[in-house]
Amino acid sequence: MVTVQPASSEAYVPPNESSPEQTGARLLAKLFDPANRHDPYSIYTELRAAGPLHTGPFDLKLANRYADCAAVLGSQEWGHDREPHQLPPTIPAEAFPASFLWMEPPDHTRLRGLVTKAFTARTVAALRPRIAALVDELLDNALRQGEFDLIATIAYPLPLTVVCEILGVPAEDHPLVQVWSQALARAFDPDVLMTPEALAERNRAIPEFLSYFRALVSRRRREATGDDLITQLAAVEEQGDRLTEEELLGTCVTLLIAGHETTVNLVGNGMMALIRHPDQVALLRERPELIGPAVDELLRYDSPIHMNTRAAKRELVVGGEVFAPGEGIVALIACANRDPLVYDDPERLDVTRFHTSKPIARHLSFSLGHHYCLGAPLALLEMELLLAGVLDRVADMELLTDTPPYKPNMLIRGLAELPTRFHAA
C-alpha cells in the first residue's frame, strides 16, 4: 500500500521501480502530494497507462478509466454510505449530523426527496432573473477594479449568494457562513492529507456551524412565513418523524456546502481554462449557442470533484478484480473525464465537444445514478449566465500570474486565488 505523505511533508522521493505495483505506488504518492495539486492530469495519464486499478490510501483500490468509474458510480450495487469509514476523518459521529450524501435508500430517497423540488429544472429556471442580476453586480465590481482576484470577487459570491437565498440565510451572515463552509469542505478529505491547523479549523467550525443553523431553524419555525427552504423543511419536521432535527441540520449544512463549494471551483477552474485558451473564447463570441455545451466541456476538462468512493454491496468485479461485500473503491472522476478511450483528444479544451448530434459519453463531474448531483441544474445555469455576461461585457481577459495557488483540498479541487485583469467591452 502506498504511504500518503502528510500535508506538511517535504517533496516525495519515488522509489526504484521494478513492478507495476511500485509504479502505481509512486504515481499515487505524487497525486496525493500537495506540491502537485496544480497539475494532477499528467499523473492521471501515467496512471491510466499503468493499469486500470491501483492500491491507494487505506488499502482502497483506485479506478482511473471511464468505463470502470461510470459502472461504479451508476450502479446501486455500489453504496455510498461507507465513505466516512473508507477515508476516515477524526470527527466523532455524534459531532456531525448525518448527510444524505452518505446514505443509501430508503433514507437517501426520503431525505433527498424533501429537497429535490428546490433544485428541479423548472424551479431553477425561475431563478434566472435573480442570477443574471447578480452576475451583472459582480461584473460591475470586477470591471471597476480592473485587476482583481476572480475567486474572491466572482467565484465565491455568485453561488454562495444564490444557495444562501434558497435556504434563507440572511445576507449579513453570508461572509461568516463562507468561512465555516470552507473549513468544513476539508471534511471530504482524509485527515492524513491535512495539516494540524486545518484539522483544528475544521473541528472548530463544526459546532459553530451547527449552532448557527439550530438558531436559524428555530427562528424560521417561529416565524413560519417565508418561502425559503429552511422554513419548508422545518414545517416538514413539525409534521412528524419524516425529518428529525439532526437530519434537518445535516441537510442544511450539506446543501450549503455542496451547493456552492463545487460551483466555486467550476467558475475558477473554468474561467482560468478559457482565459488560457483565447481561441475558445473567440469561438464562444462567434457562436453563443455553444455556451451551454461549453460548461459541460469545462466540467469535463477540469472537474471540481476529482474522486468519489463507493463500497460493494455484494461480490462485484471491476477492472478484472473481485471486490468482496463491503470492500471500497475510489473512482478517479477527473482522470476518467480525460480517458482517450472515450473522448477524442481529451487533453484539449474544445467548447464544441458536447454540441453534437452524435452520441457522446456524459462527463462524470456530477456523478451518475441515484447520487447524481442534486444541484447540477443550478450550477449549470450559474456558469452559463456568468459566461454570457463575460462575453457581453468583457472585451479582454488576462491572468496576472502563471502559477495561481490552489486550495489544499484533494477531493474538491480548486483555486485559492486567481489574479485577473478584465478590460470592459
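Computed from the coordinates by the stated procedures, all read-outs in this text should not be read as laboratory data. None of the values given here were measured: they were computed from a predicted structure. Methodologically, a virtual Cβ is constructed for each residue, glycine included, from the backbone with ideal geometry; neighbour enumeration extends over all protein chains shown.
Structure summary
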| item | result |
| --- | --- |
| Vicinal HN-Hα couplings computed from phi for the range 314-328 (Karplus, 6.51 cos²θ - 1.76 cosθ + 1.60; Hz; Gly/Pro x) | 8, 5, 9, 10, 9, x, x, 10, 8, 10, 6, x, x, 6, x |
| Peptide ranges 249-256, 148-155 listed from the most packed, as the mean C-beta count within 10 angstrom indicates | 249-256, 148-155 |
| Length released on extending from GLU197 to ALA67, taking residue separation times 0.36 nm less the Cα-Cα span | 43.0 nm |
| Karplus-derived 3J(HN,Hα), 6.51/-1.76/1.60, for each residue of the range 154-162, Hz, glycine and proline x | 10, 5, 7, x, 5, x, 5, 4, 5 |
| Distance in nm between pseudo-label sites at GLU46 and ASP59 (7 Å out along the Cβ direction from Cα) | 2.7 |
| Cα-based reach from LYS61 at 26 Å (exclusive), listing lysines while leaving out same-chain residues under 8 positions away | LYS30, LYS313, LYS407 |
| Whole-Hz couplings from phi, Karplus 6.51/-1.76/1.60, listed for the range 407-413; x for Gly and Pro | 5, x, 4, 9, 6, 9, 9 |
| Interchain or long-range residues, amide H under 5 Å from VAL318's placed H | PHE323 |
| Most to least packed among 270-279, 314-323 [average Cβ atoms within 10 Å] | 270-279, 314-323 |
